[in-house]
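Colleague: Got a structure here, written out as structure tokens. Questions coming.
What follows is calculated from the coordinates using simple rules that are stated; it is not laboratory data. Since the model is a prediction, treat every value here as computed from it, not as a measurement. Ideal geometry is used to build each Cβ from the backbone, glycine not excepted, and the neighbour counts take in all protein chains shown.
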Amino acid sequence: MGVKQTKTAKQMERHLKGIANHHRISILLLVADKSGITLDEIAESLKANEKTIGEHTRRLMNAGLLNKNYHGRYVEHTLSPYGKKFVAFLESFQTE
């Protein structure tokens with residue numbers, strides 16, 4: 001088993017900026033509930049524009065919180081290990 005490395009403030013900033021938007025928070029919570037959901041399904045569930053949701057999923061992926069798995073013309077979205085940690089935080093923060 002490897003030694004756990006402490007993240008730098010800059011590395012943590014990348015993840016925190018990744019969730020700094022209400023659409024991105026909603027996307028993370030939705031993907032946590034429906035792993036493998038497509039962009040169309042996310043946009044439909046959140047009643048949002050597909051291009052807007054596409055940009056937000058791209059930012060979540062760049063922040064290391066979301067994985068995209070390509071299957072032909074469809075892209076399935078799943079949480080990364082860090083995404084799962086952030087969802088646990090968001091859910092604990094959401095309720096008192």
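Colleague: If I filter region 38-67 down to residues being in contact with a His (Cβ under 8 Å, 6 or more places away or on another chain) and assigned to a loop (DSSP other than H, G, I, E, B), which single residue comes out as surrounded by the most Cβ atoms within 10 Å (Cβ to Cβ)?
Modeller: Among them, the one singled out is LEU65.
Colleague: Same structure again: Quick one: which of SER26, SER35 is within 20 Å of GLN94 (Cβ to Cβ) and part of a helix (DSSP H, G or I)?
Modeller: Exactly one residue qualifies, and that residue is SER26.
Colleague: Please verify whether ILE37 is β-branched (Val, Ile, Thr) and under 21 Å from ARG73 (Cα atoms), treating the condition exactly as stated.
Modeller: yes
Colleague: Residue by residue through region 71-89, note down the ones that are touching a strand residue (DSSP E or B) at 6+ places or on another chain (Cβ under 8 Å) and free of Cβ contacts under 8 Å to residues at least 40 places away in the same chain.
Modeller: If the condition is that a residue be touching a strand residue (DSSP E or B) at 6+ places or on another chain (Cβ under 8 Å) and free of Cβ contacts under 8 Å to residues at least 40 places away in the same chain, then TYR74, VAL75, SER80 are the ones that fit.
Colleague: Can you name the residue in region 68-90 that is assigned to a helix (DSSP H, G or I) and among the charged types (D, E, K, R) and is also surrounded by the fewest Cβ atoms within 10 Å (Cβ to Cβ) among such residues?
Modeller: LYS85
Colleague: Could you check ARG59 against (1) closer than 22 Å to PHE93 by Cβ; (2) of a type in the set (D, E, K, R); (3) without any contact (Cβ under 8 Å) to a residue 12 or more places away in the chain and say which number it fails?
Modeller: With respect to (1) closer than 22 Å to PHE93 by Cβ; (2) of a type in the set (D, E, K, R); (3) without any contact (Cβ under 8 Å) to a residue 12 or more places away in the chain, ARG59 is out only on (3).
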